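Nothing in this text is a laboratory measurement; each read-out follows from the coordinates by a stated rule. Keep in mind the model is a prediction, meaning the values are calculated, not measured. With ideal geometry, Cβ positions are generated from the backbone for all residues, glycine too; neighbour counts draw on all protein chains shown.
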Amino acid sequence: MPTRPVLVYDGDCAFCTTSVAFLVRRLRPDCAVTPWQFADLDALGVTRARAEHEVLWISPPGAVYGGAQAVAKLLLRAGGAWAWLGGLLTLPPPRWIAHGVYRLVAANRDRLPGGSPACALPSDRRPGVPSVG
């Protein structure tokens, strides 16, 4: 298990890569950041299917948070006013709204600024991703 939290994202998706780079540059959270394609998912305790589905936050004890809750954990780790916003996103009803917004963005990431056609392809058809089997 890692000694600091790990943020795992889809490195084949230009929108995801751009978004994560922006957040890390602005927030400067104390965590490791890695695309799932280069992460040791077994060691992190997550499956490839889960990593393909949503951004993940893995805490040092091994708790895994996905989607909007991963973003909330990133904000909490950033501290300051960001931590306040992250805390808010862990409470209902803001948590429910954040989940819905996250799913909407994730489903349309190929259409958003920075998105690319590879964002919309099934993972086994994306360029550079080794096939499983």
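Observations, loosely collected:
- Derived scalar couplings ³J(HN,Hα) [region 53-62; Karplus, 6.51 cos²θ - 1.76 cosθ + 1.60; whole Hz; x for Gly, Pro]: 7, 6, 5, 10, 10, 10, 7, x, x, x
- Compared with the alpha-carbon gap, the fully stretched path from Leu88 to Arg25 is longer by 20.5 nm at 0.36 nm per residue.
- Considering only beta bridges that DSSP places wholly inside region 1-108, some 60 percent are antiparallel.
- Backbone N within region 1-43 under 17 Å of label point (7 Å from Ser59 Cα along the Cβ vector): 1-8, 30-32
- Long-range amide H partners of Val55 with built H, under 5 Å: Gly67
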